[in-house]
Amino acid sequence: MILRGLFYSSLFLAYSLFSQENQNYFEDQFYLGLSYNSLGGKVDEFKENKFSYSLNYGFIKDITISKNGKYALGIGLGLSHNSLNNNLKFSNLNFEFIQNLSSTSINRYNYTELQIPFELRWRNSSIDNYKFWRIYAGLRYSKVIQSKYIYEDVALSYEIDDFPIEKDQIGLTLNIGFNTWNISAYQSLKPFFTDGSNSDIIDLKQFRLGFIFYVF
């Protein structure tokens, strides 16, 4: 439903804008982002461990909505590879908190997402100026297409494919920066785990903070 709405909205906007005869220019962009990936929520026993990351890359189509090109909409398609390390152990379809992380070598959640970003864009650029300030804010829909949980300690080692992650995610995005360097933030609006998961972890939601680079 979300995908269909974004698709038809982008088609309507593209038709309306391209039918106008003006001096608009477009900043279609490939992007590459690396962020610290975390889970936040009101869960007292939950603790993060080691470095968790999110690697994002893809393409965004730029649709200007002002004659000088300073305001635009962006809609894109990309992939995201993610890893989370924490003290939340998953086994036998249940979750439990690891009390002593020093005895655990690996407790990791890996997952890959197909992403559709939708942005409202502002930049103080011009048709011949490629170094400028930008503020891009919007929504991003993500579809989990692969997931794996990995656990290892001194006595036990196993992997579980397709752990109970919420496969349809949507969140708020904000990218701010100048020229090549841009700070990127993402806050999920939906819980990370499915509704059937333990009630004491249902409040956990994704938050990411890092850098995003745009390549013209």
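Yes or no, residue by residue, for (1) exposed (fewer than 12 other Cβ atoms within 10 Å of the Cβ); (2) among the hydroxyl-bearing types (S, T, Y); (3) out of contact with any helix residue (DSSP H, G or I) (no Cβ under 8 Å at 6 or more places or on another chain); (4) more than 21 Å from L39 (Cβ to Cβ):
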{"position": "L101", "(1), (2), (3), (4)": "no, no, yes, no"}
{"position": "W133", "(1), (2), (3), (4)": "no, no, yes, yes"}
{"position": "Y151", "(1), (2), (3), (4)": "no, yes, yes, no"}
{"position": "Y158", "(1), (2), (3), (4)": "yes, yes, yes, yes"}
{"position": "E166", "(1), (2), (3), (4)": "no, no, yes, no"}
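Looking at I176, is it crowded, with 19+ Cβ neighbours inside 10 Å, β-branched (V, I, T) and more than 14 Å from N82 (Cβ to Cβ)?
When the stated conditions are applied, I176 does not pass them.
Filter the range 168-180 for residues that are farther than 20 Å from S38 by Cβ and among the hydrophobic types (A, V, I, L, M, F, W, C) and give the result.
F178
Looking at the range 125-139, can you tell me whether even one residue there is in contact with a strand residue (DSSP E or B) (Cβ under 7 Å, 6 or more places away or on another chain), at pLDDT 95 or above and not aliphatic (A, V, I, L, M)?
Yes, there is a match, as at least one residue in the range 125-139 is in contact with a strand residue (DSSP E or B) (Cβ under 7 Å, 6 or more places away or on another chain), at pLDDT 95 or above and not aliphatic (A, V, I, L, M).
Applying the selection to the range 165-184, what residues are among the charged types (D, E, K, R) and either in contact with a Cys (Cβ under 7 Å, 6 or more places away or on another chain) or part of a loop (DSSP other than H, G, I, E, B) (or both)?
E166, K167
I'd like to check something: does the range 146-160 contain any residue that is assigned to a strand (DSSP E or B), touching a Ser or Thr at 6+ places or on another chain (Cβ under 9 Å), at pLDDT 95 or above and under 30 Å from I65 (Cα atoms)?
no
Report every pair of residues separated by at least 6 positions or lying on different chains whose Cβ atoms are under 8 Å apart, first residue within the range 36-55 and farther than 15 Å from Y111 by Cα and in contact (Cβ under 8 Å) with a residue 60 or more places away in the chain, second assigned to a loop (DSSP other than H, G, I, E, B) and aliphatic (A, V, I, L, M).
Cβ pairs passing all conditions: G40/L204; G41/L204; V43/L204; F46/L204.
With respect to the numbered conditions (1) aliphatic (A, V, I, L, M); (2) out of contact with any Pro (no Cβ under 7 Å at 6 or more places or on another chain); (3) under 30 Å from L93 (Cα atoms), which one is the sole condition not fulfilled by L204?
(2)
The values are calculated or read from the model by the stated rules, or taken from the named source; none is laboratory data. Just so we're clear, the structure is a prediction, and the values are computed from it rather than from any experiment. Quick reminder, even Gly has a Cβ in these numbers, built from the backbone with ideal geometry, and neighbours come from all protein chains shown.
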